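The values are calculated or read from the model by the stated rules, or taken from the named source; none is laboratory data. Everything numeric in this text was worked out from a predicted model, so none of it was measured. Note that each Cβ is placed from the backbone with ideal geometry, even for glycine, and that neighbours are counted across all protein chains shown.
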There are 4 protein chains.
Amino acid sequence: MTEEQRKKLHEIIYEADTPAGKLFDIILLSLILISIIAIMLESIASVQLKYGFILAEIEWIITAFFTLEYIARIIAVREPRHYIFSFYGIIDLLATIPKYIGLLFPGFGFLLAIRAIRLLRVFRILKLIKFVGAGNNLAIALKKSRAKIFVFLFTVMVLSIILGTLMYMIEGPENGFTSIPKSVYWTIVTLTTVGFGDITPHTPLGQLLSVVIMVLGYGIIAVPTGIVTSELANQNKDVHLNTQSCPNCGASNHKDNAEFCYNCGTRLH
Amino acid sequence: MTEEQRKKLHEIIYEADTPAGKLFDIILLSLILISIIAIMLESIASVQLKYGFILAEIEWIITAFFTLEYIARIIAVREPRHYIFSFYGIIDLLATIPKYIGLLFPGFGFLLAIRAIRLLRVFRILKLIKFVGAGNNLAIALKKSRAKIFVFLFTVMVLSIILGTLMYMIEGPENGFTSIPKSVYWTIVTLTTVGFGDITPHTPLGQLLSVVIMVLGYGIIAVPTGIVTSELANQNKDVHLNTQSCPNCGASNHKDNAEFCYNCGTRLH
Amino acid sequence: MTEEQRKKLHEIIYEADTPAGKLFDIILLSLILISIIAIMLESIASVQLKYGFILAEIEWIITAFFTLEYIARIIAVREPRHYIFSFYGIIDLLATIPKYIGLLFPGFGFLLAIRAIRLLRVFRILKLIKFVGAGNNLAIALKKSRAKIFVFLFTVMVLSIILGTLMYMIEGPENGFTSIPKSVYWTIVTLTTVGFGDITPHTPLGQLLSVVIMVLGYGIIAVPTGIVTSELANQNKDVHLNTQSCPNCGASNHKDNAEFCYNCGTRLH
Amino acid sequence: MTEEQRKKLHEIIYEADTPAGKLFDIILLSLILISIIAIMLESIASVQLKYGFILAEIEWIITAFFTLEYIARIIAVREPRHYIFSFYGIIDLLATIPKYIGLLFPGFGFLLAIRAIRLLRVFRILKLIKFVGAGNNLAIALKKSRAKIFVFLFTVMVLSIILGTLMYMIEGPENGFTSIPKSVYWTIVTLTTVGFGDITPHTPLGQLLSVVIMVLGYGIIAVPTGIVTSELANQNKDVHLNTQSCPNCGASNHKDNAEFCYNCGTRLH
């Protein structure tokens, strides 16, 4: 394969600016979607009975395409290692392999659901700065608040173990709290305000403690929200004021589109 | 119909400043409300048995009024196309037609619930700048955070498909997770902390993964909240910019303590 | 009753600065608490059987005290009308009367739960500026965002009616959605992420629409949160900077405890 | 024990800077984790039957280690009282004693779950300023908003009692609302959007009031979130104050663009 051919292939597979590249990406996304729907339909017993054979065939065809695509992606770059060990490279591999493993060990086939992650490529195709920027902003906000979120989750976990054990001691196996792990599970179901209702407290004391857990959960949901919100609000603030300071009076916090200092009227650049 | 009559009609139907216009709007809203209540009552088997005939009559009378109103609205404007294809124009049509379609295809009659959207006209009648402003602020905040919310929802969807498939593999049909689509449904029920409890995990591993899903859902609720809040907070901040505009270049949105125009350097007072 | 006696009575009943006044308030709150607990216990069948007589007696004694207190409150002020038609005056009356009405019409006795509102007096006794300030801040934030919250609730209501009707058409009476009002009830249960699970969708289409409702509910919870948060954040901002401006250079936004201008060093007062 | 030995012991037990100290802390945390897992497993009937003896032995060994550690901690400090009555000192004691009490009064053994609190020591070992800072920020935000949260919780409690009593009067024992306390429990389950579904309203009026409670709960979750968020956002803002302190009076927290001390008027640089 000549260098030029590789360049052409790279343009089609990795970029979405040329018509060919765009077409490739749209076909790829469509196949991912079809494949996910096929896997889902296959898991419904009645559909499987009737259309199982066709669905299996569709999946094999798509898997074949994905395999070829994976090989093409490796060929199209100069340093294949970069692609293979990148986030998308690993996902692409994990989206193809389970089908082959499924031949030997049936039951693993459903791991193909990993293909859903490939859908995230949609953001690349949309190529809208806005969406990428939005994603980045969210990612940055979550990354910055990582430490706070970790402290929060760890404390919630410790709290859940203690409250769960208390509920186990109060309610006991006769009311559905058959073990401490199950009680902890119930506590988290309640604390997160999910409330399945598969297990519920029956003793007055248990209901009292439940009320405390619920109000607690209702209250501490404020914490992750507060963390993320204040981080995002901070970003917004930073964006709107620029960092230059007036060469004459030194006033800072100028508006982004300011031409003159708001304090002394000197031209800013 | 003379131009003057049309003007008069327009005033009554489209405006709410004259007593006649106000009266028209109040009658309209009352009829919408009565009609919605009638549709609701009709769907209750025991009420339908007893008062079905009266309710049907009420609905026909109101539908007749709505039909006349729709025609009047078309007559009262110079360019009917503008009204017909406007948001309210389409809603007004959709609020009338199902009754007639219901004559031919029974069962479509309940589409009349679309009439509820007409209730949003209430904001126009209240004509309180405050409410309109509040609605606009909310709409702007939601519009500005559209990209972030789209990224968020898409990621949640991908996550739900993967986690749902995992739950299907762990719990299996014998525990109520009869298919992948049903498992994904359950995952979203859990992730959004709704927690119906119609399907619940029974295996220890399934309960462990459920806990992860719940804590995840409890945590990521912070994201849309953070997005909307920071957007709304940002709006509030803009209020703190002062209202003067530059006497020279007309630029507005000056900082509260600005002495000189940030655009042309002219002294502001 | 002399003017001096009235003054003394006013001091005891309405104020909490003197030892006698404090004692009165603490006794009052204790009686309210005891009375609420008695009403609660009375409603438990097994307790009622065993201790019903004693509980009834306790309630009568407390009601007698409340009656005397109500009369005393009227006597102790110069313009009784002001007290009688104030918020607390009406609550005080409503907390006493149901017991007497209950003599004639049994079953109304439980309206005594209104007594719980009297517990809000606790904030007056604590007399901690902090708590009153906190309450005021919350009240102001809620009041300021009233218009936004009204628009939000109205839109949610319209949405619930439409989605509920759709669910009724999709699921139908055979799946528990026996009427439109019940479907609307279910929609709100789902939209608010409460999710009782007494009614659940059984058809694939119904589950799909449920997923949309849940994600919607999960998302729009962001709106009231955003409204209140941005309002509270705004307050915080306002509190921290005072409104004075420098007599020399006119710089504003001084810190609350600033003695000198941060811009030119002139003394501020 | 010589002073030097005590110093060495202190270094190992209380500090995590030396290799020995780090090793000690890691062993300690591992033992806490193992012990919690053992207590959890012991509560599962089937596991208890099979491995009960081994689990009991593991717990006794760990308890012995904890006892020695507690004694060592007392020996290693000069003023044992400081440690014994500190937060961690009390937790350490409570994490050891229940095992011994369990010998006399079986059933108390599960109080060992208190050991989970000891896991919070993990933050000390991580010794990452970031985590401690994050924890502190959260703690400060929660502490500052204490008064607001108290007012909020108290109001919610009063509201729940009144709404719960109303639901009891509307639905009555025949629909599962067997007593006022149980109705209040249900109200809180609904208000916090947990929604177990063990009790659900069956009368139309009850369902209407439920809808009000749900929308209320959906709305007032905004309040704690708003409180914590605005507090955290405020902290972020404080970061924007600069770090210099006045060379004359030492006042700090100057505004970013301050030229003169706001306290004494001295030029800042």
Original post:
Just for the stretch C:161-191: of the residues that are among the hydroxyl-bearing types (Ser, Thr, Tyr) and more than 9 Å from chain B (Cβ to nearest Cβ), which one is surrounded by the fewest Cβ atoms within 10 Å (Cβ to Cβ)?
Top reply: C:TYR185
**OP:** Mind counting the residues in the stretch A:51-73 that are farther than 14 Å from A:LEU31 by Cβ and β-branched (Val, Ile, Thr)?
**Re:** 2
Original post:
With respect to A:PHE123, is the statement that it is closer than 30 Å to A:THR187 by Cβ and either modelled with pLDDT of 70 or more or assigned by TED's automatic domain parsing to the domain that holds A:TYR14 (or both) true?
Top reply: no
**OP:** Can you tell me which residue among A:TYR218, A:TYR185 is within 29 Å of D:GLN48 (Cα to Cα) and in a helix (DSSP H, G or I)?
**Re:** A:TYR185
Subject >> Of all residues making up the stretch D:92-112, the number that are at pLDDT below 70 and surrounded by 15 or more Cβ atoms within 10 Å (Cβ to Cβ) >> reply: 5
Subject >> Failed criterion for B:LEU268 (all others in (1) at pLDDT 60 or above; (2) over 17 Å from A:ILE188 (Cβ atoms); (3) within 29 Å of the chain's Cα centre (by Cα) hold) >> reply: (3)
Original post:
Just checking, which of D:THR2, D:THR67, D:THR63 is polar (S, T, N, Q), under 26 Å from D:ILE101 (Cβ atoms) and surrounded by fewer than 18 Cβ atoms within 10 Å (Cβ to Cβ)?
Top reply: D:THR67
**OP:** Give the residue that is farthest from B:LYS148 (Cα to Cα), with candidates limited to residues of the stretch B:211-228 that are more than 7 Å from chain A (Cβ to nearest Cβ) and modelled with pLDDT of 90 or more.
**Re:** B:VAL212
Original post:
Of the residues that make up the stretch D:36-44, is at least one under 28 Å from A:LEU166 (Cβ atoms) and of a type in the set (D, E, K, R)?
Top reply: yes
Subject >> Answer residue from the stretch A:192-209, given it is surrounded by 24 or more Cβ atoms within 10 Å (Cβ to Cβ) and within 14 Å of chain B (Cβ to nearest Cβ) and is nearest to B:GLY197 (Cα to Cα) among those >> reply: A:PHE196
Original post:
Does C:ILE44 satisfy being buried (at least 17 other Cβ atoms within 10 Å of the Cβ) and in contact with a Leu (Cβ under 6 Å, 6 or more places away or on another chain)?
Top reply: no
Original post:
Right, B:ALA251: facing another protein chain (nearest Cβ under 7 Å), out of contact with any Lys or Arg (no Cβ under 7 Å at 6 or more places or on another chain) and modelled with pLDDT under 85 or not?
Top reply: no
